[in-house]
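Colleague: This structure is in structure tokens; I'll ask about it shortly.
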Amino acid sequence: MVTILGIESSCDDTSAAVISDGVVRSNVVASQLVHERYGGVVPELASRAHQQNIIPVVHDALKQAGIAKEDLSAIAFTRGPGLMGSLLVGTSFAKGFSSALDVPMIEVNHLQAHVLAHFIKADENDCEQPKFPFLCLLVSGGNSQIVLVKSFREMEIVGQTIDDAAGEAFDKCAKVMGLAYPGGVVVDRLAKSGDAERFKFSKPHLPGYDYSFSGLKTSFLYFLRDELKNDADFIGKNREDLCASLQKTIVDILMDKLYRAAKDLKIKEIALAGGVSANSGLRTALQAYSERYAWKIHIPKLAYTTDNAAMVAITGYYKYLDGEFCGKEVMPYARVGI
Ligand code: KG4
């Protein structure tokens with residue numbers, strides 16, 4: 001049996017998970033609440049919190065999996081992209097732990113891990129995994145990409161944002177409305193009781209499969225500024241409709257390019273990944289497209305949409321099978337493609 005310990009510390013979630021032969025045995029996440037009052041992740045506070053969390057989180061992951069550390073075949077860790085200080089904590093821990101146990105280390109690309117989260121098996125009989133090649137819409141706080149996934153190792157970006165990520169659009173517009181951080185979740189909740197057709201915001205007109213969200217953010221900001229001049233309580237009175245209309249605009253932008261890419265590349269196997277894939281409007285839209293265009297869709301479990309170590313462990317598992325290990329000299333990288 002191949003048992004991998006995955007470590008994730010790229011941003012503000014400290015996570016450790018155990019996967020045996022592709023089946024998840026534990027996935028422990030310690031989210032850092034310290035950032036809430038700042039309305040965004042504070043890198044220095046994130047690295048300090050990772051340092052405090054990493055040992056208890058790994059301990060819990062091993063305990064919940066019911067395995068001894070000596071049973072581990074390898075340690076997989078997120079090498080990047082992410083916040084350098086945060087990545088350093090996970091990378092250093094992985095180096096120390098793999099030296100102590102004398103097991104190999106496997107470096108994992110965080111973006112690839114989001115995509116490969118679809119291969120985490122709940123149990124031995126779980127056979128819901130996508131078939132290659134498939135398209136994955138990877139949408140998070142830092143990324144908005146359409147990825148053509150040809151195999152576990154071969155991934156090609158066919159379209160991506162030229163400015164803000166979809167999650168940033170959610171979070172920044174939410175901040176303008178005075179909503180709590182991270183705004184995406186709050187917008188999603190409020191949108192459920194709002195009228196999505198009430199307000200119209202600008203949509204980009206980019207050729208190809210690339211995205212842009214900075215124009216939407218500006219149009220949202222200017223719209224509110226003008227309305228607030230007439231009515232100081234405009235946001236309070238229209239919060240739900242604003243959230244529903246904003247969410248619909250973001251989802252329409254995302255789905256439009258995804259549909260075009262799927263049509264042109266003749267791919268009907270479509271997956272979602274990343275934090276924004278938790279969005280209920282996006283999930284409903286994908287479902288509707290699947291019925292209309294006979295897509296076979298793959299929507300990750302909520303626990304695997306945001307940052308988690310199970311996705312790192314599953315990526316590590318497939319690299320382990322290919323014998324792809326790394327040396328102790330590896331350093332994290334803050335910026336890197338898929
Ligand atoms: O993948 P992720 O956990 O990590 C980063 O990229 O940092 O994604 C976080 C992003 C945030 O922008 C958050 O607002 C967004 O995912 N998000 C959502 C929802 N849940 C998380 N956006 C819209 N609707 C949601 N339900």
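The values are calculated or read from the model by the stated rules, or taken from the named source; none is laboratory data. From a predicted model like this one, the values you see are computed outputs, not experimental measurements. For neighbour counting, all protein chains shown are included, and Cβ atoms are generated from backbone atoms with ideal geometry for every residue, glycine included. Accessible surface areas use protein heavy atoms only, side chains included; no ligands, DNA or RNA. Shrake-Rupley method; radii C 1.70, N 1.55, O 1.52, S 1.80 Å.
Colleague: Which value in deg cm²/dmol, rounded to the nearest 500, describes the helix-derived mean residue ellipticity at 222 nm for the chain, given -39,500 (n - 2.57) per DSSP H run of n ≥ 4 and division by the residue count?
Modeller: -14000 deg cm²/dmol
Colleague: May I ask you to give the solvent-accessible area per residue for the chain, in square angstrom, as obtained with a 1.4 angstrom probe?
Modeller: 44 Å²
Colleague: Mind listing the long-range amide H neighbours of residue 163? Cut-off is under 5 Å, sequence gap 5 or more, other chains count too, H placed in the peptide plane at 1.01 Å from N.
Modeller: The answer is 213.
Colleague: Can you list the residues of the stretch 4-23 with backbone N under 17 Å from a point 7 Å past the Cα of residue 324, pointing along Cα to Cβ?
Modeller: Once the point is set 7 Å along Cα→Cβ of residue 324, 4-7, 22 turn out to lie under 17 Å by backbone N, inside the stretch 4-23.
Colleague: Now a separate question. Between beta-carbons, use under 11 Å as the cut-off and find the net charge around residue 336, counting Lys and Arg +1, Asp and Glu -1.
Modeller: Net charge around residue 336: +1.
Colleague: Something else: Suppose the chain between residue 222 and residue 31 were pulled fully straight at 0.36 nm per residue; how much longer would it get relative to their current alpha carbon spacing? If you can, show how the numbers build up before the last one.
Modeller: Numbers: separation 191, 0.36 × 191 = 68.76 nm, distance 3.34 nm.
Between residue 222 and residue 31, full extension yields an extra 65.4 nm.
Colleague: OK, next. Suppose a student asked you for the relative contact order of the stretch 254-338, using Cα pairs under 8 Å spaced at least 6 residues apart; what percent would you report?
Modeller: It comes to 27 percent, rounded to a whole number.
Colleague: Which of 219, 157, 302 sits closest to the plus end of the dipole of the chain, meaning its Cα is farthest towards the positive end, when Lys and Arg get +1 and Asp and Glu get -1 on the C-beta?
Modeller: 219
Colleague: Based on the Cβ-Cβ distance from residue 291 to residue 197, what FRET efficiency comes out when R0 is 22 Å, to the nearest 0.05?
Modeller: 0.55
Colleague: Further question on the same structure: Identify, among 89, 250, 187, the residue whose Cα sits farthest towards the positive end of the charge dipole of the chain, taking +1 on the Cβ of Lys and Arg and -1 on the Cβ of Asp and Glu, with the dipole about the Cα centre.
Modeller: The Cα lying farthest towards the positive end belongs to 250.
Colleague: With a 1.4 Å probe and all protein chains in place, put 11, 127 in order of accessible area, largest first. Numbers along the way, then the final one.
Modeller: Details: 11 40, 127 100 Å².
The ordering from most to least exposed comes out as 127, 11.
Colleague: Helix 280-293 versus the longest principal axis of the chain: what is the Cα-based angle in degrees, 0 to 90, to the nearest 10?
Modeller: Its long axis makes an angle of about 90 degrees.
Colleague: To the nearest Å, what is the center-to-center distance of the stretch 214-262 and the stretch 74-110, using C-alpha atoms only?
Modeller: What the calculation gives is 39 Å, centre to centre.
Colleague: Working from Cα positions, state the angle (0 to 90°, nearest 10) between the long axis of helix 214-230 and the longest principal axis of the chain.
Modeller: 40 degrees
Colleague: Follow-up question, since we're still on this one. Return a whole-number percent for the relative contact order of the chain, with Cα pairs under 8 Å and 6 or more residues apart as the contact set.
Modeller: Relative contact order for the chain comes out at 25 percent.
Colleague: So how do 144-153, 272-281, 80-89 stack up, highest first, on mean other-Cβ count within 10 Å? Before the final figure, lay out each step's value.
Modeller: Working: 144-153: 20.2, 272-281: 24.2, 80-89: 22.1.
Result, highest mean first: 272-281, 80-89, 144-153.
Colleague: Provide the three semi-axes, in whole Å and in decreasing order, of the ellipsoid equivalent to the stretch 2-82 as defined by the square roots of 5 times the Cα gyration tensor eigenvalues.
Modeller: Largest first, the stretch 2-82 gives 26, 12, 10 Å.
Colleague: Here's another thing I want to ask about it. According to a simple spin-label model (label point 7 Å from Cα along Cα-to-Cβ), what is the distance in nm between residue 229 and residue 331?
Modeller: Rounded to a tenth, the inter-label distance reads 5.1 nm.
Colleague: Compute the Cα gyration tensor for the stretch 134-302, then decide on rounded, prolate or oblate, letting a ≥ b ≥ c be the square roots of its eigenvalues: rounded whenever a/c is under 1.5, prolate when a/b is larger than b/c in the other cases, and oblate in all that remain.
Modeller: Judged from the Cα gyration tensor, the stretch 134-302 comes out prolate (a/c at least 1.5, a/b above b/c).
Colleague: Relative to a virtual label point 7 Å from the Cα of residue 180 in the Cα→beta-carbon direction, which members of the stretch 15-51 show backbone nitrogen distances below 11 Å?
Modeller: Backbone N within reach: 36-37.
Colleague: What percentage of the solvent-accessible surface of the chain, computed with a 1.4 Å probe over protein heavy atoms, is contributed by carbon and sulfur atoms?
Modeller: Exposed carbon and sulfur together represent 52 percent of the surface.
Colleague: Against the longest principal axis of the chain, how steep is helix 166-176, in degrees 0 to 90 to the nearest 10, with axes from Cα atoms?
Modeller: Taking the Cα atoms of the chain, the angle to 166-176 is about 50 degrees.
Colleague: Need the list of lysines near residue 200 for cross-linking: C-alpha distance under 16 angstrom, and skip anything on the same chain fewer than eight residues off.
Modeller: Excluding near neighbours in sequence, the set is 217, 248.
Colleague: Distance in nm between label sites at residue 268 and residue 153, each 7 Å beyond Cα in the beta-carbon direction?
Modeller: Each label point lies 7 Å from its Cα, and together they span 3.1 nm.
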